[in-house]
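**Student:** So that we are looking at the same thing, I have put the structure below in structure tokens.
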Amino acid sequence: MGLWELFVIAVGLSMDAFAVSICKGLSVGKCTLKHMLVCGLYFGAFQAIMPFIGYLLGAQFDTLVSSLAPYIAFILLALIGINMIRESRSKDEEDEVNADFSWRAMLPLAVATSIDALAVGVSFAFLQVNILPAVCLIGLTTFVCSIIGVKIGSIFGDRYKARAEFYGGLVLIVMGLKILIEHFLG
């Protein structure tokens, strides 16, 4: 998997954190550098840690399922993407994100937005991805997207939250399809 594909996956994975960051930005009266850095660090760190854990778990089963790797990667990425698209279309009232930036508020949000990255990490193990550069790129991309999200939220409100989740899900589905097509053609 090349750098461009990893970057596209990183952007797709960061969309949940980006959407929550927009809500956090919306919740603060005046957006400060501290608000942006707290979101960026929490979301970026967890988006880097979770695929690494997934990779370690997936590597344990690599020899058992190496022939199924492209199919597993496609299924995982497609399911995550479909779920993100479904959530973006949901009319259910979500829990209100408040202006609390303490660890008690941020830790559950960081874990919740990075669960999909755990599954992507499993697929990385099956695809023999060099994990350290991959998780650094995912973490850095999410860090930047989260900082931008807080600022956008403080300026524009939550108009773009659903779109971010929708396009993030679409990107993951397309990347899963690309992996599957490359398997059949290669």
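**Student:** Of everything in region 4-39 that's of a type in the set (S, T, Y) and not in a loop (DSSP other than H, G, I, E, B), which residue is nearest to I80 (Cα to Cα)?
**Tutor:** S14
**Student:** In region 128-146, what residues are open to solvent by less than 40 Å² (accessible area, probe 1.4 Å) and either in contact with a Leu (Cβ under 9 Å, 6 or more places away or on another chain) or without any contact (Cβ under 8 Å) to a residue 40 or more places away in the chain (or both)?
**Tutor:** The initial filter retains those residues of region 128-146 that are open to solvent by less than 40 Å² (accessible area, probe 1.4 Å), namely 129, 131, 134-135, 137-139, 141-142, 145-146.
Hits for region 128-146 are V129, I131, A134, L137, I138, T141, T142, S146.
**Student:** Additional query: Which residue out of L41, L26, L56 is within 13 Å of G139 (Cα to Cα), open to solvent by 80 Å² or more (accessible area, probe 1.4 Å) and more than 13 Å from the chain's Cα centre (by Cα)?
**Tutor:** L41
**Student:** Additional query: Which of the residues that make up region 131-155 are at pLDDT below 95 and either of a type in the set (S, T, N, Q) or touching a Ser or Thr at 6+ places or on another chain (Cβ under 7 Å) (or both)?
**Tutor:** Start the filter on region 131-155 by keeping residues that are at pLDDT below 95, which leaves 149-155.
Those that are at pLDDT below 95 and either of a type in the set (S, T, N, Q) or touching a Ser or Thr at 6+ places or on another chain (Cβ under 7 Å) (or both): G149, V150, G153, S154.
**Student:** Could you tell me which residue of region 109-127 is most open to solvent (accessible area, probe 1.4 Å), considering only residues that are at pLDDT 85 or above and more than 15 Å from the chain's Cα centre (by Cα)?
**Tutor:** Top of the filtered list is L127.
The values are calculated or read from the model by the stated rules, or taken from the named source; none is laboratory data. Since this is a predicted model, take the numbers as computed values, not measurements. So basically every Cβ, Gly included, is an ideal-geometry build from the backbone, and we count neighbours across all protein chains shown. Quick note on the areas: whole protein, heavy atoms, side chains included, nothing else; ligands and nucleic acids left out. Shrake-Rupley method; radii C 1.70, N 1.55, O 1.52, S 1.80 Å.
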